[in-house]
Structures are given as structure tokens and as C-alpha cells.
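Colleague: Mind looking over this structure? Questions follow.
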Amino acid sequence: MNTASPTPDASENPTRPMKMKSLILKIAAAVVAISALVPYTDAAPLNKDANVIALNLAGSWVEAAVPTSADTLIFSSGWTTPAQVQMGASLDVAGLQLGTLANANGRISSTGGQTLTLGSGGIDMSAANNNFRIDPAIVLSANQTWSIASGRILNLVANGVTSPGGFKAT
């Protein structure tokens, strides 16, 4: 004799689908609530603002964010005066994009042994209308491509480029 009772299907228990839907909604609400507590850190390109605030500070950028190793720093037409800015501290960024500058040649200056660490984004001067000078030493943290527009000059002032990990710039 079989004493096990059969499992009712949804047609025999009309409240079961409602309970399941309620449970799913509660779980979804919990996920949304928890995700609101986690800060959003997806990096985006940072555009240089028209000011003399050091590059390591949020006020230097249109997006008002401190640069991270996931960010590409963009120097273009929004960067109007002056064409020179201090790093402020060593920086580790994904790459540099040096575009159409409203002023003369651009320059990143530094003091006291600061370094500019570049990730896989490298240096993109393919749309540059002026030359660019980088005073701090550059450290490569990944293989990368550097693109410089015809007739433009990228002047590396400090002790050139180092790559402790054996990375290459082509």
C-alpha cells in the first residue's frame, strides 16, 4: 500500500504561484537594497577641466573624480587655460588621450620624483593638433600602443620610460 500523498500541482493549489511570486519579489527587493549600499566604481574617461588644479585631485576633472588605474585621462578642447598642469602626486592610470588643444603645446609637469604609471591604454595622440610634453618619469604597467599624429612630437623629459614587468610600448 502506497501511503505517500501526491504533490499537488498549481491547479489544485491556487495560492502556491502567488506565494512563489511574493518570495521572488522579496528576494529582488533585497538585492536592490544591498546593491544600493555598494558604491558605484565603474571607471569612465576623465576630461581635464579648464583650471590649474593638480591632476591627482578631483577638482582637476570635469567629472570631479580622483583618477584611478582604470581611468583614461583626456586632454582636449575643454582644457583651455593654461596648457601646463602639475601632477600633484604620482598617478597610476589606464592611459592618456591627448587631442585637440585650444592653446599651444600641452605639458604635464611634476616635482620631486613623481611617476606617471600607464596601463594598457598607453598614449593616444592620433587626434593631436599640438605637441605634448610629459615631465615625470613614465612607468609601464601593461603592454600598450602609443599613437602619435604625423607632425606631432611627444617629449618625455624625465628618465624616459621604465617597465619593471618587462612590458612594451609600440
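Colleague: Restricting attention to region 123-170, which residues are under 14 Å from Asp92 (Cβ atoms) and at pLDDT 90 or above?
Modeller: Correct list: Pro136, Ala137, Ile138, Val139, Leu140, Ser141, Ala142, Gln144.
Colleague: Do the conditions hold for Thr41, that is, is it open to solvent by less than 100 Å² (accessible area, probe 1.4 Å) and either modelled with pLDDT under 65 or not in a helix (DSSP H, G or I) (or both)? Give the derivation first.
Modeller: Numbers: open to solvent by less than 100 Å² (accessible area, probe 1.4 Å): no; either modelled with pLDDT under 65 or not in a helix (DSSP H, G or I) (or both): yes.
So Thr41 fails the test.
Colleague: A further question on this structure: Determine the pairs where a residue that is open to solvent by 30 Å² or more (accessible area, probe 1.4 Å), located within region 45-68, has a partner that is among the acidic types (Asp, Glu) with Cβ atoms under 8 Å apart, the partner being 6 or more residues away or on another chain.
Modeller: Within 8 Å, the pairs are Pro45/Asp71; Asn47/Glu63; Gly59/Asp49; Val62/Asp49; Ala65/Asp71; Thr68/Asp92.
The values are calculated or read from the model by the stated rules, or taken from the named source; none is laboratory data. Quick caveat, the model's predicted, so the values are computed rather than measured. Note: ideal-geometry Cβ built from the backbone for every residue, glycine included; neighbour counts use all protein chains shown. With ligands, DNA and RNA removed, areas are computed over all heavy atoms of the protein, side chains included. Shrake-Rupley method; radii C 1.70, N 1.55, O 1.52, S 1.80 Å.
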